[in-house]
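Enquirer: One structure is given below, represented as structure tokens, and several questions about it will come after.
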Amino acid sequence: MEFSLQHRLMIACAVARDAGALQKRRFLDRETMIYKFKGPQDYLTATDGEVEKLVRTRLLEAFPEDTFLGEEDGGQVSDCTWVVDPIDGTSNFARGIPYFCVSIAFVLRGKAVLGVIYQPMSDELYSAATGQGATLNGEPIKTSNTTQLDKSLIEVGRASRQPQEAYLGMLDKVMRSGAGIRGAGSGALAIANVATGRVDACFENHMYAWDCLAGLVLVEEAGGRVSDFLAGDGLLKGNQILAAAPGMADEISSLLGVPLLPAK
Ligand code: IPD
Ligand code: CA
Ligand code: CA
């Protein structure tokens, strides 16, 4: 069958909505919510695996030739790979904070070309495909017009696997620049927030591909700049990530010492 990115985008949006509906049902059923820890401050609920299974089954049913890489059950990479975080923001999900999402990306021959993120509690569906722009619930989105760090709002994250010193050093630099800081517990939504202009940039020392690839496609398609996450072994091992509105991209890039890809 002929390759179609458009068909993949349509199916990914439908699957994201269904995955989000399942997240929402489980989230609202607080009585049965049990969580454990995979590592320090690394939450896991039964819903993570349940949602990943739903997404994997639906995507591979629609595209049996593609491969699937998920946070919980792993998988294989190929020239056509789906990369999925079944719940990004699991700490929020587990603790009763209604701020989490499902994140679905598609990587074609080493390039992330499709990103879909669905936040069920606010019913917000973000989607983008290379060359086609980015939308939120069907309406085009774009990054902010902010040009000055001291007027900016920057979302930063830290996974417990990252060294505390590197995180505190970065925080110190960002705060001295006069930027406002946010950190709301979902890396995927933090990057989506750059795409809509709700924040001006987002940085984390290390993320995995399932956390960030969908968001990075959104930001590029919304006119922003992103770091080269897939350089080296980013798809399998993760990398640092920086995403920024174009007017302050060079400044934040040199402040943090993180190179950005040229504007598209
Ligand atoms: C985490 C969240 C968090 C970010 C971490 C991620 P999870 O993903 O996105 O905001 O700081 O790097 O690992 O565990 O909620 O899927
Ligand atoms: Ca994640
Ligand atoms: Ca997750």
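Enquirer: With helices defined as uninterrupted DSSP H runs, which ones in the chain have an alpha carbon span along their own long axis of at least 20 Å and mean Kyte-Doolittle hydropathy of at least 0.0?
Expert: Helices meeting the criterion: 5-28.
Enquirer: In Å and from the alpha-carbon atoms only, list the Rg and Dmax of segment 5-140.
Expert: 14.6, 45
Enquirer: Let's test the formula: R0 of 25 Å, r as the Cβ-Cβ distance of Thr57 and Phe3. What FRET efficiency results, to the nearest 0.05? All intermediate terms of the calculation are to be shown ahead of the outcome.
Expert: On the way: r = 21 Å, r/R0 = 0.85.
Efficiency for this residue pair is about 0.70.
Enquirer: Take peptides 21-32, 154-165 and line them up by average Cβ neighbours within 10 Å, highest first, as a rough protection proxy. Each step should come with its number before you reach the end.
Expert: Working: 21-32: 14.2, 154-165: 16.8.
The peptides rank, most packed first, as 154-165, 21-32.
Enquirer: If you don't mind, another one. Report, by chain and number, residues whose modeled amide H sits under 5 Å from the one on Ile141, excluding near sequence neighbours (fewer than 5 apart, same chain).
Expert: It is Ala134, Thr135, Leu136, by chain and number.
Enquirer: Could you check the spin-label model distance between Glu65 and Arg176? Points 7 Å from the Cα along Cα→Cβ, value in nm.
Expert: 5.3 nm
Enquirer: Go through Lys111/Lys173; Lys151/Lys173; Lys53/Lys142; Lys38/Lys173; Lys111/Lys264; Lys111/Lys151 and tell me which ones have a Cα-Cα distance over 22 Å in this structure.
Expert: Listed pairs above 22 Å: Lys111/Lys173; Lys53/Lys142; Lys38/Lys173; Lys111/Lys151.
Enquirer: Find the all-direction average of the projected area of the Cα convex hull for segment 171-264, expressing the result in square nanometres with one decimal place. The partial results should precede the final answer.
Expert: Details: hull surface 22.0 nm².
With every direction weighted equally, the projected area is 5.5 nm².
Enquirer: Continuing with the same structure: Which residue, Ala231, Ala94, Ala19, has the most motion in a Gaussian network model of the chain that connects Cα atoms within less than 10 Å?
Expert: In the Gaussian network model the winner is Ala231.
Enquirer: In debye to the nearest 20, how big a dipole does the chain give about its Cα centre with +1 on each Lys and Arg Cβ and -1 on each Asp and Glu Cβ?
Expert: Around 400 debye, computed over the chain.
Enquirer: Gain in length, Ile97 to Asn145, computed as 0.36 nm per residue apart minus the alpha-carbon separation, to one decimal in nm?
Expert: Details: separation 48, 0.36 × 48 = 17.28 nm, distance 3.00 nm.
That works out to 14.3 nm of additional length.
Enquirer: Could you work out the percent of alpha carbon pairs in the chain separated by over 36 Å, rounded to a whole number?
Expert: Counting every Cα pair in the chain, those more than 36 Å apart make up 8 percent.
Enquirer: Here is a further query. Wrap a convex hull around the Cα atoms of segment 102-254, take a quarter of its surface area, and give that in square nanometres.
Expert: Value for segment 102-254: 8.5 nm².
Rule-based calculations on the coordinates, nothing more; no lab input. The structure displayed is predicted, hence computed values, not measured ones. Note: ideal-geometry Cβ built from the backbone for every residue, glycine included; neighbour counts use all protein chains shown.
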